[in-house]
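Heads up, the thing below is written out as structure tokens.
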Amino acid sequence: MLKVVVAASVLTLSTIATAGPTMRFGLTGAVDDQGAPGKYEVGPLVALGLRAGPFVGEVEWAYLSFFDPDTTDGGVHRLGVSLRADVLRTYGTHCLFRGGCTRAQSLWLEAGAGERFGQWQLDAAHIAPASSHQPEAHVGIGVEIDNEIQPMRNGFQLGLRFAVAPRGSDPDSACRGTGGCMSTSTVDNGNHGGYDASVLLEWMFLFGTGD
């Protein structure tokens with residue numbers, strides 16, 4: 001899956017090679033994640049990309065277990081790519097004391113894919129997900145408020161991300177210790193295989209080239 005992510009990022013960024021660079025950083029946290037029951041899933045998110053008009057292609061990294069170290073070695077991280085597009089954009093028309101004349105607001109949608117690395121330690125004998133490498137696909141929606149749009153586009157974003165990932169069904173990969181062992185799938189909902197869904201909230205600062 002990592003090779004797919006890398007290839008997709010190269011393809012996405014090559015299609016907008018004439019665009020300008022952008023950067024986002026902030027926090028992401030799970031409102032609900034079936035793959036991390038009972039865990040405090042919050043951490044920093046950093047994304048680098050290129051903008052071409054209303055479209056932005058990005059490579060992103062998130063440290064999902066930054067505030068919950070109860071994981072296997074190395075913590076839980078996510079590496080992925082996204083394509084985001086402004087679907088509605090309005091511009092400020094009133095200046096205040098000769099300032100705030102380049103403001104704008106946007107509604108954006110995004111889609112992407114990635115891979116999670118690491119596993120959550122549920123208790124002394126169980127970990128989740130079943131594999132330490134878990135592919136993921138997502139869609140997202142959010143709003144952006146810019147306090148400057150020329151020559152740079154700077155502001156902040158608030159968004160929701162909806163993701164799905166295969167749960168896995170290997171009981172041995174979801175056990176630790178010498179005690180009784182039960183698969184993570186059984187811990188979650190009694191089913192082997194299938195998919196885990198998650199909803200994450202993102203609060204990001206945005207810096208980059210203008211419209």
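The values are calculated or read from the model by the stated rules, or taken from the named source; none is laboratory data. Predicted model, so just to flag it, every value in this text is computed and none were measured. Glycine gets a Cβ as well: all are built from the backbone with ideal geometry, and neighbour counts include every protein chain shown.
Say we look at the range 87-127 and pick out the residues that are of a type in the set (V, I, T) and at pLDDT 80 or above; which of these is nearest to the chain's Cα centre (by Cα)?
Going through the range 87-127, the residues of a type in the set (V, I, T) turn out to be 87, 90, 93, 102, 127.
Within this subset, residues satisfying the condition of being at pLDDT 80 or above are 87, 90, 127.
Numbers: V87: 20, T90: 26, I127: 22 Å.
Looking at the filtered set, the residue picked out is V87.
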Just wondering, is there one or more residues in the range 10-19 that are modelled with pLDDT of 55 or more and surrounded by fewer than 20 Cβ atoms within 10 Å (Cβ to Cβ)?
-> yes
